[in-house]
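Structure first, then comments.
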Amino acid sequence: MSNPTAAAAVSSASASSASFNIPQINKPLKALGDDIWTNKTAKINAELFTLTYGSIVAQLCHDYKRDFKRVNEKLFQMGYNIGNRIIEDFLARTALPRCYTLETMGEVLSKVAFKIFLNITPKYKISNNNNDLILTLGENPLSDFVELPSDAMKDLWYSNILCGVLKGALEMVQLDCQVEFLSDMLRGDSSTEIRIFSLKLLKDEIPAGED
Amino acid sequence: MSNNTHPQTANRSSALPTVNTQQQRLQYEQQLRQYEIYKKSLPTVNTISYEYLMNEMVPLAISLEIEEGQDINTSHSTKMAQSHQLIYQYCKLTLPQQQSILNRIHQIGFGIGSRISEMLIFHNNPNLNFKSLLSSDGRNNNNGAELLPVMKFICKDVWKLVFGKQVDNLKTNHRGTFYLLDKNYCLIRNFVVEKNSKFVEDSDDNLERHVILKPYLEIAAGVIKGVLSNLINIDTEAMTCVYEFVDNGVSFNVHVPKS
């Protein structure tokens, strides 16, 4: 399939399995996210989280001698590895079925995923002819009280780890996609936006051997 | 922790402010209540997000070291390996490489330690009192007795925040050496190292385990040093913090020389 919309890819997949009873999301997602966050989540001081991430980014910038493009890449990889594993926790906690439209995916990501892991609910919108999902982060616990030095403003995507996590997690539920930052308030933009695009449904494959 | 502290040290310089009169007691209780309310009002995130971040630190440092050994042009495009593979690769690296990974992790820990010590102090915890740190002429003074409140601060507040529990036992020889025993160090609590794994060629399981776990302990060593460097006036190079596995946990041995 060459770059179909997620909805189209999903409809063809669901057509082939029409005889099965496809589980639908019938719970109100906001209530679900709020309930898991308030009642079933161990919490930790957000400042500690911010400072820990800050120390990691600082060390990376130092190691790559302020080559911020490589820092972005490394943060993405780091996030990818986290996303690969964090999705399991997400599914175990929420027991949500597959999302069949981009709209539901946006809603699940924003009201459940971001809510239970970071306690934020980004706004989402669908653009580019139903192909892209754009998440707008009002607040971002990774970058609280962070100020970028002027040389980093141009190239560094400070919270790029989030893109990696999204990519890694979505890949584990058979959604291949690309994730990138469109803008970041740390760089002086008016909002912080993440774009998820070129979604493709992965076929079931035997995972590549580890040896 | 307080039950296990060295008996000699227990009443020598308590971290609690002296509570004499009824009025002071009331004032202290009110401060404590306000502190509790303040703590609850702080924003929070899921502990799991934090734990993943902490755990991912080690493979990150290892992959940086491996990349350094390679040509930049080739490594630029290669994908980073999975975290668990990187951790196993750690054993196969040479000693200087391992040391450089440890240094890197130490630096990150140091950054966390020095930053959170400021954060904790500005939270106005009424149980914190570092007055004994200042000698009569108002200058920093760091012989063994004055270090104790700082070490207690590390064992209680810092450890509780960063690792979710307090240090189980603190011992000191009153000459600048402290032993912090953690019976259930949180970063390695859930670890399982496969026996006879294809990643581990050495059959000496115990040794492998220790080598693999070292980077995770280095984080704590970095945090300890970061806090100390922020609170007492001493050259960080002169301080040492080594760790070892003892029967019932991990022991961090901190030595701060007299200036």
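The values are calculated or read from the model by the stated rules, or taken from the named source; none is laboratory data. Note that this is a predicted model, so its numbers are computed, not measured. Heads up, the Cβs are rebuilt from the backbone with ideal geometry, glycines too, and the neighbour counts pull from every protein chain shown.
General observations
- Cross-chain or 6+ apart pairs with Cβ under 7 Å, segment B:149-164 first and within 14 Å of chain A (Cβ to nearest Cβ) and in a loop (DSSP other than H, G, I, E, B), then of a type in the set (D, E, K, R) and crowded, with 23+ Cβ neighbours inside 10 Å: none
- Test: residue in segment A:156-165 that is farther than 29 Å from B:Gln82 by Cβ, touching a helix residue (DSSP H, G or I) at 6+ places or on another chain (Cβ under 8 Å) and not in a loop (DSSP other than H, G, I, E, B): no
- If you go through segment A:135-183 and keep only what is among the aromatic types (Phe, Trp, Tyr) and exposed (fewer than 15 other Cβ atoms within 10 Å of the Cβ), you end up with just A:Phe145.
- Filtered residue count, segment B:1-55, keeping only those that are among the hydrophobic types (A, V, I, L, M, F, W, C) and either part of a helix (DSSP H, G or I) or modelled with pLDDT of 70 or more (or both): 9
- Candidate set from segment A:135-153 (those that are among the hydroxyl-bearing types (Ser, Thr, Tyr) and in a helix (DSSP H, G or I)); member that is farthest from A:Arg66 (Cα to Cα): A:Ser143
- Considering only residues in segment B:236-259 that are modelled with pLDDT of 85 or more and β-branched (Val, Ile, Thr), the one that is nearest to B:Asp168 (Cα to Cα) turns out to be B:Val250.
- Extreme residue, farthest from B:Arg115 (Cα to Cα), among residues of segment B:233-258 that are more than 16 Å from the chain's Cα centre (by Cα) and surrounded by 13 or more Cβ atoms within 10 Å (Cβ to Cβ): B:Pro257
- Candidates B:Ile101, B:Ile121, B:Ile154, filtered to the one that is at pLDDT 90 or above and closer than 25 Å to A:Asp144 by Cα: B:Ile154
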